[in-house]
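Following: one structure in structure tokens, then a few remarks.
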């Protein structure tokens, strides 16, 4: 009877320990795609674990959150601008922790359905594949908005260099 009690106790301890620790997926890439349409410039920020950062958009990184004016609308056949930069390991780790803490992998894939509304897509490449969450006008809630804001804050700290075509 004693050995059965010991086995049962060990089983309980094992279950408590295994349930309390949430495994962190091996994230290799985090990206944020914003805008498009009539009211906002289109841009995409890609941050990689190896330190590489890329920006592609209708305008330079420092103007990506401005409202689009008809004078600056991207014409048919116009090319997007491309920039490169570096992200520190600490910055990437901060994003990785936030993504895990805020339950990104448990979020729905789509928070939207609003006609003509600007959409933000957060994408994470990890050991299990790729997870994308589409968010229109903040419908994804505060945890997703916090991830989006933090990616933008990190992108604001990058020294971007334009890549010539």
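Every number in this text was worked out from the coordinates using simple rules, so none of it is lab data. Bear in mind the structure is a predicted one, so any value in this text is a computation, not a measurement. As a convention, Cβ positions derive from the backbone with ideal geometry for all residues, glycine included, and neighbour counts pool all protein chains shown.
In nm, to one decimal, how far is the residue 127 label point from the residue 143 one, both placed 7 Å along Cα→Cβ?
With each label point 7 Å from Cα toward Cβ, the separation is 2.1 nm.
Using Cβ counts within 10 Å as a stand-in for footprinting exposure, how do 97, 48 rank, fewest first?
97, 48
Give the peptides 82-91, 155-164, 142-151 in descending order of average Cβ contacts within 10 Å, highest first.
Averaged packing, sorted descending, gives the order 142-151, 82-91, 155-164.
Calculate the spin-label point distance for residue 164 paired with residue 28, positioning each point 7 Å from the Cα along the beta-carbon direction, and give it in nanometres.
My value for the distance between the label points is 3.2 nm.
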